[in-house]
Amino acid sequence: MNECTHVDLLPHPEPAPLSATCLECEAAGSHPVQLRLCLACGHVGCCDSSPFQHGTQHFKDTGHPVMRSFEPGESWRWCFLDAAIV
């Protein structure tokens, strides 16, 4: 895995999840595919395989660069700005 400068700027400990699912999908009546946790604020959004791609939209709206998988047993992280697993 590659490191990026954005990982060093993340809060420690990581923020608590603001929800247990993608609230935007829930509000739209959609089913989220693969949840993602924003490591800057704790927002939970769906992945790009979901119809609305709320995780990526959260990055576009906020500029929060790093998220991690919010799926059981997974801990990988992705930096949107570096387009890399970090």
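Observations, loosely collected:
- Accessible area per residue in Å² at 1.4 Å probe, computed on the chain: 58 Å²
- The value of relative contact order for the chain, using C-alpha pairs under 8 Å at least six residues apart, is 27 percent.
- Over the chain - Rg/Rh using Cα atoms and the Kirkwood inverse-distance radius: 0.95
- Taking amide H atoms as placed 1.01 Å from N in the peptide plane, the amide H of ALA84 lies under 5 Å from those of CYS79, each 5 or more residues away in sequence or on another chain.
- The chain, accessible surface, carbon-and-sulfur percent (1.4 angstrom probe): 56 percent
- 5 angstrom amide H check on SER50, placed H, neighbours 5+ away: VAL33
- Across segment 6-51, Cα-Cα pairs more than 17 Å apart make up 36 percent of the total.
- Once both labels are positioned 7 Å from their Cα atoms along Cα-to-Cβ, the gap between SER19 and ASP48 label points is 2.2 nm.
- Per-residue surface analysis assigns VAL33 an accessible area of about 50 Å², computed on protein heavy atoms at 1.4 Å probe radius.
The values are calculated or read from the model by the stated rules, or taken from the named source; none is laboratory data. Bear in mind the structure is a predicted one, so any value in this text is a computation, not a measurement. Positions of Cβ are backbone-derived with ideal geometry, glycine not excepted, and every protein chain shown enters the neighbour counts. With ligands, DNA and RNA removed, areas are computed over all heavy atoms of the protein, side chains included. Shrake-Rupley method; radii C 1.70, N 1.55, O 1.52, S 1.80 Å.
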